[in-house]
Amino acid sequence: MNTDIFKAAILGVVEGITEFLPISSTGHLILASDMLGFTNDMSKTFEVFIQLGAILSVVWMYREKVSATIKGIGTQNTNRFLLNLMIAFLPAVFFGLITHSFIKRHLFNPVTVAFALVVGGIAMLVIERVIKRTVVTDIDDISFKQALAIGLAQTLSLFPGVSRAGATIMGAMCFGLNRKVATEFSFFLAIPTMFAATSYDLLKNLHNLTAGDLPIFGVGFFVSFFSALFVIKAFLGFVTKHTFNSFAIYRIIFGAIILFYYM
């Protein structure tokens with residue numbers, strides 16, 4: 001049990017650090033779990049559950065915006081913002097329900113993750129080089145069409161290793177959002193997306209869990225929450241001054257090393 005709690009803490013740190021960076025938290029969790037030997041049926045549910053800790057860190061970090069949104073329901077700006085989130089959220093629900101079982105069975109492995117890391121890194125470099133013009137500099141100015149496009153981009157992250165944050169942020173930049181707005185919208189979109197994914201996975205796998213698993217899940221959850229709090233603030237400060245090229249290069253190098261190791 002003590003060994004499993006130690007592993008849970010490590011995975012909580014990995015999740016908290018990587019969830020909101022465009023480097024794939026799921027991919028890093030799969031790789032870290034494989035290296036730690038934490039790969040039973042419970043571990044797959046654990047990896048999804050601790051994402052909830054990271055998502056709650058967003059709710060806490062943006063608690064004023066969340067509170068204002070709740071109070072402002074019925075006003076034009078708030079209704080538009082919530083509708084944009086719903087539009088962007090639905091494609092992942094639709095395609096996720098269709099592909100969930102197949103992805104869990106066949107794609108949750110280090111080689112597919114490494115491949116996605118490399119390809120995603122190359123795509124990020126291309127997007128950074130090609131996209132120069134931005135037309136949206138405020139999150140309340142996102143159009144319904146742009147929200148749908150970002151939602152479709154998010155479906156790419158169903159493939160482990162692509163990165164939900166990477167797909168939504170880079171997709172948003174392709175459709176005219178500047179880096180900061182793209183990043184913030186990605187954070188907010190993560191709230192319904194990851195809550196839905198976590199709830200769905202837990203309901204499907206409750207029969208695999210026991211009371212003895214609670215300490216492991218609790219440690220992973222809280223470590224993930226506090227790790228993510230630190231990363232969110234630092235990442236927002238970073239994207240206002242830098243491109244995503246450093247993350248792209250990291251993905252390519254890390255993915256290539258993993259491919260070489262496992263193949």
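The values are calculated or read from the model by the stated rules, or taken from the named source; none is laboratory data. Since we're looking at a predicted model, the values are computed, not measured. With ideal geometry, Cβ positions are generated from the backbone for all residues, glycine too; neighbour counts draw on all protein chains shown.
Quick one: in the range 142-165, which of the residues that are crowded, with 24+ Cβ neighbours inside 10 Å, at pLDDT 95 or above and of a type outside the set (A, V, I, L, M, F, W, C) is nearest to residue 110 (Cα to Cα)? In this case the residue turns out to be 154.
I'm trying to understand the selection: among the residues of the range 126-140, which are without any contact (Cβ under 8 Å) to a residue 40 or more places away in the chain and either of a type in the set (D, E, K, R) or within 18 Å of residue 114 (Cβ to Cβ) (or both)? Can you show your working first?
Residues of the range 126-140 without any contact (Cβ under 8 Å) to a residue 40 or more places away in the chain: 126, 129-130, 132.
129, 132, listed by residue number.
Just checking, how many residues over the range 147-184 are in contact with a strand residue (DSSP E or B) (Cβ under 6 Å, 6 or more places away or on another chain) and part of a helix (DSSP H, G or I)?
Taking the range 147-184 as the starting set, the residues that turn out to be in contact with a strand residue (DSSP E or B) (Cβ under 6 Å, 6 or more places away or on another chain) are 176-177, 181.
Still in the list and also part of a helix (DSSP H, G or I): 181.
So the answer is 1.
Of all residue pairs spaced 6 or more apart or on separate chains, those with beta-carbon atoms under 6 Å, a first member in the range 31-60 that is at negative phi and a second member that is not in a helix (DSSP H, G or I) are 33/39; 54/19. In the range 27-41 there is at least one residue matching the filter, namely being surrounded by fewer than 22 Cβ atoms within 10 Å (Cβ to Cβ) and among the acidic types (Asp, Glu).
Annotation note: of 87, 17, the sole residue that is out of contact with any Gly (no Cβ under 8 Å at 6 or more places or on another chain) and assigned to a helix (DSSP H, G or I) is 17.
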